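Worksheet: one structure, shown below.
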Amino acid sequence: MLSSRLLPRLAPSASLGRSLSRSPSRSLSTYLILGPPGGGKGTVSSKILASHPSFTHLSTGDILRQNVKDGTEIGRKAKEIMDTGGLIGDDIMIDLVLSSVPEGVDNLLLDGFPRTRPQAEALDKALPVDFVLALDVPDEVIVSRVCDRWISPATGAVYSYSYNPPKVEGKCDETGEALVQRDDDKPESVLKRLRTYAEVTQPVVDFYEGRSQTFSGETSDVIFGQVTEVLTARGC
């Protein structure tokens, strides 16, 4: 979710070169949050914003979608690339990040970029990351959590047998129709995404060695307890 403390409509620069010339002030502290899909990264991010008001959350996925929707210059470029099945270049993503940092921000929480080591290396030249919050949740916990999710095709309602079960097992509360499980929520798909995440993300963590910390646990509450302790000690 896009934080309310992030400006909703931002005009990006025309080129990476111009954005680099106006990189955010280094009085800004930049944090990066990493976490496996289904690992509670969104929940932990929300808790950080609620407990540490000096933070502004910048989700590159949300910002990109907003720029495409608003038809900004960078949004049009990105849409052209996506419409042809291409991958958006690192220069566009970095331009997007730099142009989306509001004035007067103390602490920035980056979410969604960088995802690879080359991206991390490129971003560091324009906006060095000061500290990385690397969330670590056991694969079996994530598989159990995600595979517990069932959906009503008719209403789109999402059920979970562990915390939001349907009144009648396997049936939508509103329509009575059978619930289904998305292919992405099946164990083999979840495990594949987790393996891909580990392969891609470990080089990013290695790149930030010396300015990162791993926070391990099976629930978001446990992990956030560790995170908030560190952030408080860092004066956030």
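Each Lys and Arg adds +1 at its Cβ and each Asp and Glu adds -1 at its Cβ; summed about the Cα centre, the range 39-87 shows a dipole of about 160 debye. Using 0.36 nm per residue and subtracting the Cα-Cα separation, the extra length available between R182 and R115 on full extension is 21.6 nm.
Between T43 and V141, the simple label model (points 7 Å from Cα in the Cβ direction) yields a spacing of 0.9 nm. Global dimensions of the range 35-105 from alpha-carbon coordinates: Rg and Dmax equal 14.3, 42 Å. Only lysines eight or more places from K167 in sequence, or on another chain, were considered; those with a Cα closer than 27 Å are K186.
For D124 and S189, what does the FRET efficiency come to when R0 = 30 Å and r is the distance between their Cβ atoms, rounded to the nearest 0.05? E(calc), rounded to 0.05, equals 0.35. Straight-line cross-link reach from K192 at under 26 Å between alpha-carbon atoms covers these lysines, not counting any fewer than eight positions away in the same chain: K41. For the chain, what percent of Cα pairs sit more than 34 Å apart? When all Cα pairs of the chain are counted, 21 percent exceed 34 Å. Applying 0.36 nm per residue to the separation of T228 and E209 and subtracting their alpha-carbon distance, the gain on full extension is 4.8 nm. Taking the Cα centre of the chain as reference, the dipole from Cβ charges on Lys and Arg (+1) and Asp and Glu (-1) amounts to some 560 debye. All Cα-Cα distances of the range 44-178, cut into 10 Å bins from zero to the largest, leave 10, 27, 26, 26, 10, 1 percent in each bin in turn. Per-residue ellipticity at 222 nm, computed for the chain from helices alone with -39500 (n - 2.57) per DSSP H run of at least four residues, works out to -13000 deg cm²/dmol.
Each 10 Å bin, from zero up to the one with the longest distance, holds this percent of the alpha carbon pairs of the range 104-167: 15, 29, 22, 24, 10, 0.
When a/c is below 1.5 the answer is rounded, else prolate if a/b is larger than b/c, else oblate, so apply that to the range 176-227 with a ≥ b ≥ c taken from the square roots of the Cα gyration tensor eigenvalues. Cα axes put the range 176-227 in the oblate bin. Straight Cα distances below 16 angstrom link K69 to the aspartates and glutamates E80, D83, with same-chain residues fewer than 8 positions distant left out.
Every number in this text was worked out from the coordinates using simple rules, so none of it is lab data. Fair warning: this is a prediction, and the values are worked out from it, not measured in the lab. In this analysis, Cβ positions are derived from the backbone assuming ideal geometry, glycine residues included, and neighbour counts consider all displayed protein chains.
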